[in-house]
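Below is one structure, written out as structure tokens; comments come after it.
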Amino acid sequence: IGGAAPIANQSRGSLQEMEQVDLFTKITKWSDRVPSAELIPSYFAKAFRTMMSGRPGPVFLELAWDVLLQQVNDPKIPDAYRTAAQAAGDPTYVARAVELLGVAERPAIIAGSSVWWDDAATVLGELARHANIPVFLNGAGRGCLPPDHPLFFQHTRKQALSQADVVIVVGTPLDFRLGYGDAFRKDAKLIQIDVDATEIGRNRAVSVGIAGSSRLVLAQIFGGLGTMPDRTAYVQDLREKERGKRERLGVHEGSDQVPIHHSRLAKELSDVANEGHREPIFVADGGNFVAMAAKSIVLKTPGSWLDPGPLGCLGVGAPFAIAAKLVHPDRPVFVVQGDGSFGLNGFDFETAVRFGLPMVVVVGNDAAWGQIRLPQVAMYGEDKSPGTQLAPTRYDRVVEAFGGWGKLVTEPEGIRPALQEAIGSGTVACVNVMLDPDAPAKSGMMGYAV
């Protein structure tokens, strides 16, 4: 929602006058200007219909100054103005998917954000268990299977997808995260499910494309499955590889090195945040620290991981965390915060303090734009990586200045006590942890996508 100069003064050079509606047209599902106060309800009804239909997304409405000053004596407020009904898949295409799964020897599932939006977590787990199919999650789909689900896999996605003969791609685009479709072997049969039919077949041909709700289409496929081939050996082999990867990660998670290793911080954060009956929400805002932390942080429930998605934009930490705490006041919120990204919207932690919204901000401080610096140094050398180093800033003191709580941690044994103190502070708390800037490269855990 954006304000604007009075309609009577538009195009006359009013203060802050700009073509906002045109500006937002390319990056929203709908962008428009409300012409009068009496039309505000109907425009807002359309806004929510548009936002929540098909693939969810933002809209923009402009309300000029004089429209906001208008009075309406008998406003007509719409009721039952949108539907939450979901669309099922075409039965013919569902039958084709069932047929492929019935003969697959090494199937896999990659499930993304629409599994969360369509409330498909339960049926996803049931289908995977019945058909004995390994599941990998990305985007907002993270957390949609519990960490102890027998078919949930996290660390062997590259191996599994490159070897699978049939892959269900549900609610996630074939974008850079899946190698634009090249993450799968060349002869793999793809079953792609998406509420947006224009996504089906983008970047790679699919064997079966089904437009519809993730929940309903997965339920249709599950309902059509009969006796499945014995995939025990296949799943056990993948589980052994998963265990090996997990053990190698565990070496870094248990590291006592100083400066602190990113994975040690992430493991301590996961353990403390998930203690007891807590159901934490994690907000991810950073580069290398977030990419590495995502391998170690355990997600108990759907909707417990918020990140900027494929845009990868920094600065979402404080805004996302404020929203999460307002929606879920009884759940603890943890911000997985890079030091560079803190500099973008970190002052909004003052907003959280002012509105009494407690949260724990864990800054992985390597005093660098690490995800940019390390590849530049590797390719061009130390003298040709300009502007990529930062100061070892005391972000904990910044949050203290806002009226919150802060602590600097430089030794690995200090992480857990600091996190526990932060939770107990009952306010916005910043745990500023000094990390080894070279750890991502030395550990072979650099993450950079184009």
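The values are calculated or read from the model by the stated rules, or taken from the named source; none is laboratory data. Values in this document were obtained by computation on a predicted structure and should not be read as measured data. Cβ atoms come from the backbone with ideal geometry, glycine included; neighbour counts cover every protein chain shown.
Confirm whether Arg129 is more than 19 Å from Gly89 (Cβ to Cβ) and touching a Ser or Thr at 6+ places or on another chain (Cβ under 9 Å). Reasoning before the result, please.
Working: more than 19 Å from Gly89 (Cβ to Cβ): yes; touching a Ser or Thr at 6+ places or on another chain (Cβ under 9 Å): no.
It is false that Arg129 is more than 19 Å from Gly89 (Cβ to Cβ) and touching a Ser or Thr at 6+ places or on another chain (Cβ under 9 Å).
Mind checking which residues of the range 264-285 are within 23 Å of Val251 (Cα to Cα) and not aliphatic (A, V, I, L, M)?
Arg264, Lys267, Glu268, Ser270, Asp271, Asn274, Glu275
Take residues that are touching a Gly at 6+ places or on another chain (Cβ under 6 Å) and not small (Gly, Ala, Ser) and tell me which of the helices (runs of 4 or more DSSP H) falling wholly in the range 331-450 contain 3 or more. Spell out how you get there, then give the answer.
Values: elements: 339-345, 349-354, 370-380, 395-401, 415-425, 439-442.
Because the criterion is at least 3 residues that are touching a Gly at 6+ places or on another chain (Cβ under 6 Å) and not small (Gly, Ala, Ser), the helices (runs of 4 or more DSSP H) in the range 331-450 that meet it are 395-401.
Can you find even one residue in the range 408-419 that is buried (at least 19 other Cβ atoms within 10 Å of the Cβ), touching a helix residue (DSSP H, G or I) at 6+ places or on another chain (Cβ under 9 Å) and of a type outside the set (A, V, I, L, M)?
yes
Could you list, in sequence order, the residues of the range 208-238 that are in contact (Cβ under 8 Å) with a residue 24 or more places away in the chain and closer than 30 Å to Arg264 by Cα?
Those that are in contact (Cβ under 8 Å) with a residue 24 or more places away in the chain and closer than 30 Å to Arg264 by Cα: Val235, Leu238.
Test Arg204 against the stated conditions and say whether it is of a type in the set (Lys, Arg) and either out of contact with any Phe, Trp or Tyr (no Cβ under 8 Å at 6 or more places or on another chain) or closer than 30 Å to Leu435 by Cα (or both).
No; evaluated as a whole, the condition is false for this residue.
Would a scan of the range 144-160 turn up a residue that is closer than 17 Å to Trp305 by Cβ, of a type in the set (Phe, Trp, Tyr), in contact with a Pro (Cβ under 9 Å, 6 or more places away or on another chain) and not in a loop (DSSP other than H, G, I, E, B)?
yes
In this structure, does Val208 turn out to be among the hydrophobic types (A, V, I, L, M, F, W, C) and either within 24 Å of Gly143 (Cα to Cα) or in the same structural domain as Ser114 (by TED's automatic domain parsing) (or both)?
Details: among the hydrophobic types (A, V, I, L, M, F, W, C): yes; either within 24 Å of Gly143 (Cα to Cα) or in the same structural domain as Ser114 (by TED's automatic domain parsing) (or both): yes.
Against the criterion (among the hydrophobic types (A, V, I, L, M, F, W, C) and either within 24 Å of Gly143 (Cα to Cα) or in the same structural domain as Ser114 (by TED's automatic domain parsing) (or both)), Val208 qualifies.
Give Pro6, Pro58 a once-over and let me know the one that is over 30 Å from Gln163 (Cβ atoms) and at pLDDT 95 or above.
From the options Pro6, Pro58, the qualifying one is Pro58.
Can you name every residue in the range 428-450 that is among the hydrophobic types (A, V, I, L, M, F, W, C), at pLDDT 90 or above and closer than 18 Å to Trp369 by Cβ?
Val433, Met434, Leu435, Ala439, Ala441
Quickly run through the range 27-39 and pick out the residues that are crowded, with 17+ Cβ neighbours inside 10 Å and without any contact (Cβ under 8 Å) to a residue 24 or more places away in the chain.
Within the range 27-39, no residue meets the criteria.
Determine which member of the set Phe342, Phe334, Phe347, Phe355 is aromatic (Phe, Trp, Tyr), assigned by TED's automatic domain parsing to the domain that holds Gly406 and farther than 13 Å from Cys430 by Cβ.
Values: Phe342 fails: farther than 13 Å from Cys430 by Cβ; Phe334 fails: farther than 13 Å from Cys430 by Cβ; Phe347 fails: farther than 13 Å from Cys430 by Cβ.
The unique qualifying residue is Phe355.
Those residues that are in contact with a Leu (Cβ under 7 Å, 6 or more places away or on another chain) and either under 16 Å from Ala140 (Cβ atoms) or part of a helix (DSSP H, G or I) (or both), I need them from the range 310-324; list them, please.
Phe320, Ile322, Ala324
Mind listing whichever residues of the range 163-206 are among the small types (Gly, Ala, Ser) and closer than 20 Å to Ala131 by Cβ?
Residues satisfying the conditions are Ala164, Gly171, Ala188.
Within the range 291-307, is there a residue that is assigned by TED's automatic domain parsing to the domain that holds Ala418, among the hydroxyl-bearing types (Ser, Thr, Tyr), touching a residue at least 60 places away in the same chain (Cβ under 8 Å) and surrounded by fewer than 20 Cβ atoms within 10 Å (Cβ to Cβ)?
The answer is yes; a qualifying residue exists.
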